1. Exactly one condition in (1) assigned to a helix (DSSP H, G or I); (2) open to solvent by 10 Å² or more (accessible area, probe 1.4 Å); (3) closer than 22 Å to Ser288 by Cα is false for Thr186; which is it?
2. Hey, any hits in the stretch 223-246 for a residue that's part of a helix (DSSP H, G or I), buried (at least 21 other Cβ atoms within 10 Å of the Cβ) and charged (D, E, K, R)?
3. What are the residues in the stretch 295-308 that are open to solvent by less than 60 Å² (accessible area, probe 1.4 Å), not in a loop (DSSP other than H, G, I, E, B) and not β-branched (Val, Ile, Thr), if any?
4. From Lys310, Lys363, which residue is under 23 Å from Thr158 (Cβ atoms) and out of contact with any strand residue (DSSP E or B) (no Cβ under 8 Å at 6 or more places or on another chain)?
5. Taking into account only those residues within the stretch 273-294 that are surrounded by 13 or more Cβ atoms within 10 Å (Cβ to Cβ) and in a helix (DSSP H, G or I), which is modelled with the lowest pLDDT?
6. Of all residues in the stretch 109-141, how many are acidic (Asp, Glu), modelled with pLDDT of 90 or more and within 13 Å of Ile152 (Cβ to Cβ)?
7. Do we find that Arg195 is within 30 Å of Ser291 (Cβ to Cβ), among the basic types (Lys, Arg) and either touching a Phe, Trp or Tyr at 6+ places or on another chain (Cβ under 7 Å) or modelled with pLDDT under 90 (or both) in this structure?
Amino acid sequence: MKMKKYTASTMPEAMKLIRKELGDEAVILSSKVVFSKGFIGLFKKKSIEVLAGMDTLEQSNNTFEVPAIVPQESQNVSVEIKKELEDLKQLVKNIGRPEMLSPYPTEMKTLMDFLQEQELSEELITPVSDELFVHWKRNSADFEMETQIAVIKNFLKTQLEHLPFGGISYTKKYINVLGPTGVGKTTTIAKMAARAVLEKKKKVGFITTDTYRIAAIEQLKTYAGLLQAPIEIVYSEKDLQEAMVKFEKLDIVFIDTAGRNYKETKFVRDLQKLIEFEVDTETFLVLSSTSKQKDMEVIIEQFSEFPIEKFIFTKVDETNTIGSLINLMVKYNKGLAYYTDGQEVPEDIMEASHEELLTLFLKGIRHERSS
């Protein structure tokens, strides 16, 4: 048998190298986590070192050959060892198949399956899997589910902690709320406004540019009446300026933008011409958590020129998978203001925090374990 050491940043990467060079019949003889020394002892880099072997591998500079003649007792390989070698061969064969999590130990399978079911991106699943693998290698005997959940939670927190969380700051007068039709934008505005009135005792007003949908205007008028707040409907930039003058003495003005098909660039340009986003404003983009991630990405890309500070995700009570919400926040480097979980005003809205989001995300695995 000829053997070779491979070093890669992750176990899946190491497996791909082995399969590429040695083929499907290679076996994994050992693996361990190693750390580089780094600069003056800091910034250590974690790698996976794997020793692989192959009976018919040709001689190369990086390999060494085990003599064909071995002691007689070594030839009497136990059934258990044979089985383990066969399992390791199968492990290598699995590389390149759709099952991306096969190189990891079975103790990790439940949570790895959960992350995939939650539609967390591969860019996040791979490093969190490596983090779990490191913990398993250090102490496989003490690898309880609660330990694994804590590892995942801490890892995701490091991915999100630099992003802004929390609702409106109450330091800006105009709150611009963007989003496509059908995401619950108008109801979300009503929830935010009701909280500002009831909890912060603010004087609020509404401006709507959504002149394309009569139902949306009537809905906002109803909420404005309940909150005893003025409302203005604007059709042009001039109308908007006049409304701002009328609302000069109010604390906060919520601007409900037109719910259009923002896949069409024309509507985005129209919105840019109508609203001054740089003047004493906070801007939020509302997305439905029931939408496909790729569809949400198209919307986000169309709004890329707007000064969006945070997302608002609606309808989290209507989906069983919220991994895509975390994917989008990490990918676009945007924080989270609120998420909504029903139609009741103002009850069904939660001001976001790292802890609340991760608790919501991991609620599924805890529910599965208790059922």
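1. Failed condition: (2).
2. Among the residues of the stretch 223-246, not one is part of a helix (DSSP H, G or I), buried (at least 21 other Cβ atoms within 10 Å of the Cβ) and charged (D, E, K, R), which makes the answer no.
3. Across the stretch 295-308, the qualifying residues are Met296, Glu297, Gln302.
4. Details: Lys310 fails: out of contact with any strand residue (DSSP E or B) (no Cβ under 8 Å at 6 or more places or on another chain).
Selected residue: Lys363, the only one of Lys310, Lys363 that is under 23 Å from Thr158 (Cβ atoms) and out of contact with any strand residue (DSSP E or B) (no Cβ under 8 Å at 6 or more places or on another chain).
5. Step one: list which residues in the stretch 273-294 are surrounded by 13 or more Cβ atoms within 10 Å (Cβ to Cβ), which gives 274-277, 281-291, 293.
With the extra rule that they be in a helix (DSSP H, G or I), the set shrinks to 274, 293.
Values: Leu274: 71, Gln293: 94.
So the residue we want is Leu274.
6. Count: 0.
7. Details: within 30 Å of Ser291 (Cβ to Cβ): yes; among the basic types (Lys, Arg): yes; either touching a Phe, Trp or Tyr at 6+ places or on another chain (Cβ under 7 Å) or modelled with pLDDT under 90 (or both): no.
No.
Quick grid of which residues meet (1) among the hydroxyl-bearing types (Ser, Thr, Tyr); (2) touching a strand residue (DSSP E or B) at 6+ places or on another chain (Cβ under 8 Å); (3) at pLDDT below 75:
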| position | (1), (2), (3) |
| --- | --- |
| Lys4 | no, yes, no |
| Leu29 | no, yes, yes |
| Phe39 | no, no, yes |
| Leu42 | no, no, yes |
| Ser47 | yes, yes, no |
| Val50 | no, yes, no |
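The values are calculated or read from the model by the stated rules, or taken from the named source; none is laboratory data. Here the structure is a predicted model, which is why all the values come from computation and not from measurement. Cβ: placed from backbone, ideal geometry, glycine included. Neighbour counts: every protein chain shown. The protein model used for the area step is the full one, side chains on, heavy atoms only, and it has no ligands, DNA or RNA in it. Shrake-Rupley method; radii C 1.70, N 1.55, O 1.52, S 1.80 Å.
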